[in-house]
Each structure stands twice: as structure tokens, then as C-alpha cells.
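The values are calculated or read from the model by the stated rules, or taken from the named source; none is laboratory data. Given the structure is predicted, the values throughout are model-derived calculations rather than measurements. Every residue, glycine among them, receives a Cβ derived from its backbone with ideal geometry; neighbour counts consider all protein chains shown. Ligands, DNA and RNA are excluded from the accessible area calculation, which covers all protein heavy atoms including side chains. Shrake-Rupley method; radii C 1.70, N 1.55, O 1.52, S 1.80 Å.
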Amino acid sequence: MQDPNADTEWNDILRKKGILPSKESLKELEKEAEEEEEQILQQSVVKTYEDMTLEELEENEDEFNDEDERAIELYKQRRLAEWKATQLKNKFGEVLEISGKDYVQEVTKAGKGLWVVLHLYKQGIPLCALINQHFSELSRKFPDVKFIKAISTTCIPNYPDRNLPTIFVYLEGDIKAQFIGPLVFGGMNLTRDELEWKLSESGAIKTDLEENPRKPIKDKLLSLVRDSVPMRRASNSDSD
């Protein structure tokens, strides 16, 4: 089969009769095809580097042209800034044990915009042990919040055991909330979600809980109280 792009007398006759496109048209078609291919290649490169890690970008930087390299450099800077922000936000993730000598550094000078939640406890108090357990779980769930614990008398000399457990919530060294004594926590029935809700009300954490986990219990108690009032009135009228 003869090449339609060849420069032959027969092809010239076919071009004159409109059976084959002119040479100029062929050149334009070839140019358009080349431009389209280059555009597709550039798009694939952009898509590739957007999916790359910082290490992969370093390894493949020789494969990009000048325009791509400028775009990639901006992209790398953005990815690096995002990575640093994530590392800064997620720099905790566990409960830190401190003593009185660490208080100023770990609480008062904790940092700008940083929430600190301190649990004062003592060994041998079951509710303190329960809260320490909840702290471990919450510190992993909220790694941008600094959860710390300390034996009460190492931070505050002669701190009374009747006030334990105690939780202080700080922002930039200032106390924003405090929970003192077992009654505040509802005793050994305290769940992790209930503690999370308490801390969220102080502003220290942003919970994904939609309502207070203890609310249904309160509503049920109020309902029982309301239901008992008409019965008392009825019994009083019967006695009359």
C-alpha cells in the first residue's frame, strides 16, 4: 500500500482531486497531533508529581522541564508546610508524668495556643487509676492537646486526698476549668466519653460526640421525679 504522505506524482493527482488532504493540511494535522501529545504528556507529569511524596520528587526531579520544576518547587514547599503543621499539631499522643519542678516548664510555659490538661492523682485511689486510663486513650485521640499527670503532693504540698482526683485545664498557663473531687466525676461509673465531654465543655478538645453521654440518665431521673409528683398529690387528696 502506497504511503499517502509520500511526495509522488500519483499523490499529487489525488490531492488535486481532493481525495487526499493537501501538504499544508497534513503539516497542520501533524502539528496539532504533536501539540496534543505534548499537552497530554505535561498533564500526566503534573498528575504524577502531585501524587508523589517529597522523597519521590527529589528522585525524579531530572525528568521535569523548567516550567514543571517551578511548579514542583511551589508544590514541595506547600507539602513541607503541611507536614510541619501536622507534626506540630500531633506532637503529643501520650500522657506525660511530671513533678513539681517540671510544672512551670510543662504547664506555665507550655506554649502559645496550647491546651494542657493536668490530672492530680495518688496511687491506691481507684477513680484516679480509672482517669489515668481514660487519659491514655484521650491523649491518643487528641494528640494536639498536652495531657499530663502528677502525684498530687509533688505539685501541691499537703494537697488533701479528699480532693482527688483533680483535673485542671490550662490555656497558655491560665486555668480555664477545674474538676475537684470524686462527686464531680460521678464515681467509678465515669466513662471515657463522659470525661471527653467534660473536657470539651472547657474548650480543651473538640469532641466528635453529638451530646452529653450522661444526659439520657439525667433525663430519665427527671422523668421519674415528674411522674412521682401527681401520685403524691393524688395520695394527699385521698387522705383528705
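Any of 76/206; 101/198; 146/198 with alpha carbons more than 26 Å apart? Name them for me.
Over 26 Å Cα-Cα: 76/206; 101/198.
What length, rounded to one decimal in nm, is gained on full extension from residue 132 through to residue 109, with 0.36 nm per residue of separation minus their alpha-carbon distance?
Full extension of this stretch gives 6.0 nm more.
On the full set of protein chains, 1.4 Å probe, figure out the accessible area of residue 151 and give it in Å² to the nearest 10.
We get 60 Å² for residue 151.
Can you give the log10 of the normalised intensity I(q)/I(0) at q = 0.14, 0.22, 0.23 Å⁻¹, computed with Debye over equal Cα scatterers of the range 80-208?
-0.58, -1.43, -1.56
Between residue 212 and residue 191, how many nm apart are label points set 7 Å from Cα along the C-beta direction?
Inter-label distance under the simple model: 1.5 nm.
Taking R0 as 51 Å, what FRET efficiency do you get between residue 172 and residue 38 from their Cβ-Cβ distance, rounded to the nearest 0.05?
With a Förster radius of 51 Å, E is 0.40.
Can you work out the Karplus-derived ³J(HN,Hα) for every residue in the range 146-153? Use 6.51 cos²θ - 1.76 cosθ + 1.60 with θ = phi - 60°, whole Hz, and x for glycine or proline.
8, 9, 9, 9, 7, 5, 3, 6
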